[in-house]
1. Please work out how many pairs of lysine residues in region 5-169 are eight or more positions apart (or on different chains) and have Cα atoms closer than 20 angstrom.
2. Can you give me the long-range amide H partners of Ser118? Hydrogens built in the peptide plane at 1.01 Å from N, cutoff under 5 Å, separation of 5 or more residues or another chain.
3. Where q = 0.06, 0.10 Å⁻¹, what log10 of I(q)/I(0) comes from the Debye formula for the chain, counting one point per Cα?
4. Whole Å is fine, so just give me how far the alpha carbon centre of region 244-308 lies from that of region 9-29.
5. Only Lys, Arg, Asp and Glu count, each charged at its Cβ (+1, +1, -1, -1), so figure out the dipole size of region 5-169 about its Cα centre, rounded to 20 debye.
6. Using the Kirkwood radius over Cα pairs, work out the Stokes-Einstein diffusion coefficient for region 1-66 at 20 °C and 1.002 mPa s, in µm²/s as a whole number.
7. For Lys66 and Asp230, compute 0.36 nm times the residue count separating them, minus their Cα-Cα distance, and round to one decimal in nm.
8. Considering the options Ala195, Cys210, Thr223, tell which one lies farthest towards the positive end of the dipole of region 173-227, charges being +1 on Lys and Arg and -1 on Asp and Glu at the Cβ, about the Cα centre.
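What follows draws every value from the coordinates through simple rules; no lab data is involved. Since the model is a prediction, treat every value here as computed from it, not as a measurement. Reconstructed Cβ throughout: ideal geometry from the backbone, glycine too, with neighbour counts over all protein chains shown.
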Amino acid sequence: MSETILIIGACGQIGTELTQKLRTIYGNNSVIASDIREGNEELMESGPFEIVDATDREAILKVVNKYKVTQVYLMAAMLSATAEKHPQKAWDLNMSSLLLVLDLAKDKIINQVYWPSSIAAFGPTSPKQNTPQQTIMEPTTVYGISKISGEHWCNYYHQKYGVDVRSIRYPGIISWKTKPGGGTTDYAVDIYFKAIEEGKYECFLSEDTCLPMMYMDDAVNATIQIMQADSKDIKTRTAYNLAAMSFTPNQIASEIKKHIPEFEISYEPDFRQAIANSWPQVIDDSEARKDWGWNHDYDLASMTNEMLQNIKHKNNELLGLL
Ligand code: VAH
């Protein structure tokens, strides 16, 4: 059966690239992008777009009915750092959007849901190294509380109503096309842009803060792969651990220096240090690799090469040098 896909939060860091990849697979007109504001030129010109508030059930239902949507990828969320500044708004956005999309699936209006969780669902009492799929999970951030709560709602709707909802605990995601907003792992994106544009970067985490990370292409491929997997292979209906690499700010700076020897980094930890300290350092994602064949392509060296090359190219385009 052909799918018609609605992406809610299509203009965010992951949503933007997920939309483009899905359009290459399913066809531009089968993938409807939506967000509370318009996105970049490529996204807006490559297929249907609708202004949708992720907490507005009527607005979502109108789009679902207009295009006869069969699958929803719910990518709208308030991330960890911003959520600490606006706890109630973060809870309302992250949870009410999920519950209304799950209800659409429960009512058989749509067939399948993707909802992103995060390694933020773990907390300071979770094992830091090789954090298993099932372990102590006591998040100490608003974002993490919303993610672990959402995971249990997904599992509840699957067990009680048979809803086919699938989820991944994303690590920090690194990309060059669309910058992230309000995350604790955003330093690992900003550092590449500042290395090229200024030759130096002041990092808001300490140099030895080790966090699980992943290049955007791997994250997008995993997201589509879990949605295309046979339902019988999805054994976990909370959310799957997913990983590719872990590194510290010092390690990413050293990799950048292989390309830009004069690059300098300094460290000024801020409130986001406490958030990072509450998260795992290395994730065990063997369940995802076993159940639905997940495998990553990028490591720190290959990601750094991709990031620097594409940022330089993008900056030269903006300067009209190409
Ligand atoms: C954040 N990028 O920093 C997100 C992510 C694991 C971190 O969920 O909030």
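1. Taking region 5-169 as the scope, the lysine pair count is 12.
2. Residues meeting the amide H criterion: Tyr170.
3. With no solvent term, the Cα-only Debye profile gives -0.19, -0.55.
4. 24 Å
5. Computed charge dipole of region 5-169: roughly 440 debye.
6. The calculation lands on 184 µm²/s.
7. Numbers: separation 164, 0.36 × 164 = 59.04 nm, distance 2.78 nm.
Value of the extension gain: 56.3 nm.
8. Going by the Cα projections, it comes out as Thr223.
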